[in-house]
Each structure stands twice: as C-alpha cells, then as structure tokens.
Amino acid sequence: MADTGRQTLPLSFTVNGTHYEIEVEPHELLLDVIRKRLGLTGAKRSCDVQVCGACTLLLDGRPVSSCTLPAFEARDKDVLTIEGMAQDGKLHPIQEAFIEYGGFQCGFCTPGMILTAKTLLDENPNPTEEDVIEYMNGNICRCTGYKKIVESIMGVGKPNAEAS
Amino acid sequence: MLRPFRLEEPESVKEASEALARYGDSAKVYAGGTELLLAMKEGLVHFECLVNVKKIPGLDEVRRDNGSLRIGALSTHRELERSETLADALPVLVEMEHNVANLRVREVGTLGGNLTFAEPHADPGTLLLALDATVVAQKAGGEREIPMNEFFVDAYEAAIEEDEVLTEIVVPVPGANAAVRYRKFGYLERPSAGVALHVMADDARRSVRDVRVAVGCVGPKSMRVEEAEAVLRGKSLDEAANAMAEAGDIAGRAADAISDLHGSAEYKEHIVKVLLTRAFNDIRAELAG
Ligand SMILES: Cc1cc2nc3c(=O)[nH]c(=O)nc-3n(C[C@H](O)[C@H](O)[C@H](O)COP(=O)(O)OP(=O)(O)OC[C@H]3O[C@@H](n4cnc5c(N)ncnc54)[C@H](O)[C@@H]3O)c2cc1C
Ligand code: FES
Ligand code: FES
C-alpha cells in the first residue's frame, strides 16, 4: 500500500522486447500506461468502449482493447505495440504492404489494423479475402472504405502490380 | 475514467466467496471485465473492490463427461470458438461463439461473465436454453446447479447470489437424431434478435419427438417458449414445416419484445418468426442429409 492508502501492484512485463518493472494502481488502464508512462503513442484512444480497435495491442500475441483492460493484466506478459513491429530499422512486411497498397489515409486506425492483421496472419498465413474481412470486422476505419486495407493484408509479401 | 478500486486475487472459490461476503454489495466478481469495466468507466456503477477470479485454477477448462460437456465459466469466447472438444461434440456452440462481439472482446470476455451480466442483447443464453444446459454456482458453503431456464431473472439480473461464483456450464450433448441451430440478426454492435431451435427427431427422422424453442435479445431476457414447442411437438417434419408460421408468431409474442434502438416491437416479432423458420429449414435439411 502506498502512502495515499491506495493499493499498488507490481507490474513486471515486456514491451516491444524491453523489460519493465513498474507499479500500477488496479484501475490504471493498459492504454494509459503505454501511452503516458512509457511514451508509446501508437495505440490511440478513440471509442473507449472496445468497438473501434484503435487502441489494439497484442498481449502475448493476442489482440486486446487496451482502452478497457487494466494494466495489471499485462503482468508477466509480452506486449507488442506498433512501435515494436519494425526490426533493426526495417519495417515489418505488413507495414510495407500497407504503404505499397495504400492501406491508410489519416493513419489513426492503422496501428490497430496492422497489429490485428499480424495475429490473423500468424494464425492463418494464407487467408482468403473473406477470411480477412471477417477477422478484421472489429477494427473501424473512417477513411479508406476498407478495400485498400483488405488489399494490403492480402498483398503482404507481394509487390503491387498496379503501383507506378 | 475509471475510479480507483481495490483488487482481491483469491486462489480458490472459497476465498473468493469469503471476500465477496466480506465486502457485501461494495464488491463484484471481475472476470474479463469487458462489461463490468465499461459500466464502471461510464460511472453507471462503482465497486470498492473487484475480486479477480482468474487466478483460481481449473475454471477455464472444457471437458467431456459422459453425455455432457462441462465448460469452465472462465473460458473466453475465443477459447470456446477454438476448442476441439466443442467442435467435435457441439459445433452449434462453436458457431455461436465465433459470432459473438468482435475479436478483442472474444479474447478477453468469458462465457460466465456473459451469462451473469444478463445483458439482454447477448447470444449464449438463448442457445444454452435450447440445449437444456445448467450452470453450477459455488460459494464458501457449497455448490448448487441452476437450470438455464431459471437463471435469467430480468434484464441485467441473473439468479446468482452476491457471494457466489459461477464455475461451470453443463451442456448435455444432443442425441444422434437431434439438430440444433442458433440464428441471429442485427446491424448494431450487439445482436437485435436471436433464436435457438433444437429438434429431437424420432429414429426414422420423420417426426419431431421433442423440441426446444428459445428467443433472446428482443425483450428483457432470453427465454424458452414452451407454447411454441407445443405446436411442433409430435408433428411429422412436413406438418411442423407448415406450423412454423404459427410457432413463430407465438415465439415472437411470448418474447416480450420492446421497441428500442434495435427496432420496434412489431418488427422484432417478425424477425423472430423469420429466424425460427430459417433455423427449422436448416435443421430439416440436416436431418434429411
Ligand atoms: C463491443 C462489445 C460487443 C459485444 N457483442 C456481443 C455479442 O454480439 N453477443 C454477445 O452475446 N455478447 C456480446 N458482448 C458481451 C460480451 O460477450 C461480454 O462482454 C463478455 O462475455 C463478458 O464477460 P467478462 O468475463 O468480460 O465479464 P465481466 O465484465 O468480468 O463480468 C460481467 C458481470 O458478470 C459477473 N461475473 C463474471 N464472471 C462471473 C463468475 N464466474 N461468477 C459470478 N459472477 C461473474 C461480474 O461480477 C459482472 O457483474 C459484447 C460486448 C462488447 C463490449
Ligand atoms: S478505443 Fe479501445 S476499442 Fe476503441
Ligand atoms: S486511415 Fe483514417 S481511420 Fe483508417
């Protein structure tokens, strides 16, 4: 118990490969810890009710809405945020595909889209277009009309024949 | 904004129940938190203490036990959607689970939390009613079984006591000549109407030996509609097909449909009839194949 009389919990976890040992109060949300305390602002707060997917993070590889998940749920887990997708200064193939196929406009939904696409491709490396649409239906985009997002995910690892 | 609360993390149901009894109505069970934290963030409810039941071992398993499936209440929707045991024995539950909410809610939200919250716009309760499921609730003093058709009391109200923990959902595996469907419709985040139909045919698969009809989402709670079952029971499958409109009308009326954002009561009653007929047609095709 801290001096405030409020309970604190030790949170030992890994974010994008870096290990952290911090303390959190039970009501602190994972999104706030990641954005405000660790300064990783790729995940966004938008709907705040687990509908839009802008706050998506991967917890041991599984997608969660960090806007409504207490930070203590990350105890002893690996968190992956969009900032951890690029390796050694090289973008992840899914990120490359979103650029190649024009999978974003304003970019607000994009971190969540890319992380969710990662779990999809980890589970099912050769999805059909239908699989992609179904799997991604909990991630909302207000710009692209989705077509380019689906093309981006279908196009991971494949050059875009229509690109100039 | 989530207001501060205390977290208790018991490692047995007994400890959890004792903590709940100690705090009384200022504590609540916390499983996935996908409903509870939303309500708390909105300021609709506040609890001084949340009792995290996810550290209690063994509450997230799915196993076959003679003619039944025993599903741990802390199983997430996603675990059930991907369970091989369920895929073999109860594919209708897998299909229903696959269509609950979105991926992230399915990863974190549990079946027990879904049932206990008794939010009217939910899927599993309706199907479990048609499957004659029971749930097991435990507290420090012992355990009891609650049949599904006694579990939902009203909107947001289930027959579970303050210091009880839902531990298991027990589902009898449908027989060889039975077929079950859950059909839902909606265009908002949560379903607007859900209908479950369970037809137990005779050995020749020509008539309806017994039947269960359940309706959810349209009114305050998921419920079985025995009057609609009575219309179908004992009929040949052909006769039952002709009686579907009548059964659908009865089911629609019995469901206490309310007019809200999802549509008018009249509209919902109509959708119930359509979904029930579709479920029956699919079941008939399965029984013929
Ligand atoms: C965006 C969104 C979309 C959704 N769409 C659908 C949908 O299409 N269909 C559908 O059916 N549902 C839908 N849901 C509901 C979802 O299925 C539930 O939120 C989830 O299953 C609740 O489980 P939980 O573990 O998160 O419960 P919690 O939020 O942890 O708990 C909910 C309530 O149940 C109590 N409780 C939980 N577990 C137990 C237990 N073992 N014993 C005693 N009490 C317990 C808690 O005290 C609390 O009151 C949706 C939810 C969201 C947020
Ligand atoms: S901000 Fe979390 S899902 Fe929309
Ligand atoms: S690119 Fe703007 S919301 Fe998706």
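The values are calculated or read from the model by the stated rules, or taken from the named source; none is laboratory data. The shown structure was predicted, so the numbers you read here are calculated from the model rather than taken from an experiment. Positions of Cβ are backbone-derived with ideal geometry, glycine not excepted, and every protein chain shown enters the neighbour counts. Quick note on the areas: whole protein, heavy atoms, side chains included, nothing else; ligands and nucleic acids left out. Shrake-Rupley method; radii C 1.70, N 1.55, O 1.52, S 1.80 Å.
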Based on DSSP H runs of at least 4 residues, each adding -39500 (n - 2.57), what is the mean residue ellipticity at 222 nm of the protein assembly as shown after dividing by all its residues, to the nearest 500 deg cm²/dmol? -9000 deg cm²/dmol
When the dipole is taken about the Cα centre of region A:69-123, and only Lys, Arg (+1) and Asp, Glu (-1) are charged at their Cβ, what size is it in debye, to the nearest 20? 120
GluC sites (Glu not before Pro) restricted to DSSP loop in region B:6-91 with at most 13 other C-beta within 10 Å: B:11, B:42
If you roll a 1.4 Å probe over chain B with all protein chains in place, what percent of the accessible area is carbon or sulfur? 46
Show me, bin by bin at 10 Å from 0, the whole-percent P(r) of chain A based on Cα pairs. 10, 38, 32, 14, 4, 1, 0
Per-residue accessible area for residue A:41 at 1.4 Å probe radius, Å² rounded to 10? 70
Reference-scaled alpha-carbon Rg (2.2 N^0.38 Å with N residues) for the protein assembly as shown: 1.04
Can you tell me how region B:178-288 classifies by the Cα gyration tensor, rounded, prolate or oblate, using a/c under 1.5 as the rounded cut? prolate
Count charges around residue B:170 for me, please; just the other residues with Cβ under 10 Å from its Cβ, Lys/Arg as +1, Asp/Glu as -1. -3
Where a ≥ b ≥ c are root eigenvalues of the Cα gyration tensor, a/c under 1.5 meaning rounded, otherwise prolate if a/b exceeds b/c and oblate otherwise, chain B counts as prolate
Starting from the Cα of residue B:14, draw a straight line to each of the lysines and keep only those under 22 Å, dropping any in the same chain fewer than 8 residues away. B:28, B:54, B:55, B:139
Per residue accessible area of region B:24-165, 1.4 Å probe, in Å²: 38
Just to be sure I understand the interface: list residues from region A:60-81 that lose 20 Å² or more of accessible area between the chain on its own and the complete protein assembly, 1.4 Å probe. A:62, A:63, A:64, A:65, A:68, A:69, A:70, A:72, A:73, A:75
From the phi angles alone, apply the Karplus equation (6.51, -1.76, 1.60; θ = phi - 60°) to region A:41-47 and give each ³J(HN,Hα) in whole Hz, x where the residue is Gly or Pro. 9, x, 6, 10, 9, 10, 6
With Cα springs under 10 Å, the Gaussian network model of chain B assigns the largest mean-square fluctuation among B:38, B:276, B:59 to B:38
If amide hydrogens are placed 1.01 Å from N in the peptide plane, which non-local residues have theirs closer than 5 Å to the one on residue B:168? B:73, B:136
Please sort by residue number the trypsin sites (Lys or Arg not before Pro) in region A:17-83 whose DSSP state is loop and whose Cβ has at most 13 other Cβ atoms within 10 Å. A:75
Per DSSP, loop chymotrypsin sites (Phe, Trp or Tyr not before Pro) in region B:117-170 with at most 11 further Cβ within 10 Å: none
Taking the 0 to 90 degree range and rounding to the nearest ten, how far is the long axis of helix A:110-123 tilted relative to the main principal axis of chain A, both from C-alpha atoms? 80
What is the antiparallel percent of DSSP beta bridges lying wholly in chain B, to the nearest 5? 85
Using protein heavy atoms only (no ligands, DNA or RNA), what is the total accessible area buried between B and A, 1.4 Å probe, nearest 100 Å²? 2400
Where the centre of each part is set by its Cα atoms, how far does region A:72-110 sit from region B:75-136, in angstrom? 31
Using a 1.4 angstrom probe on heavy atoms only, work out the carbon and sulfur share of the accessible area of region A:92-164 in %. 53
Short version: which residues of region B:100-114 lose at least 10 Å² of accessible area, all chains versus chain alone, 1.4 Å probe? B:102, B:103, B:104, B:105, B:107, B:108
Minimum 50 Å² accessible area buried by the other protein chains, region B:12-50 residues, probe 1.4 Å, relative to alone: B:38, B:41
Roll a 1.4 Å probe over the protein heavy atoms and report the accessible area of residue A:108 in Å², nearest 10. 90
For chain A, dividing by residue count, accessible area per residue (probe 1.4 Å) in Å² works out to 49
With helices defined as uninterrupted DSSP H runs, which ones in chain B have an alpha carbon span along their own long axis of at least 27 Å and mean Kyte-Doolittle hydropathy of at least -1.0? B:265-288
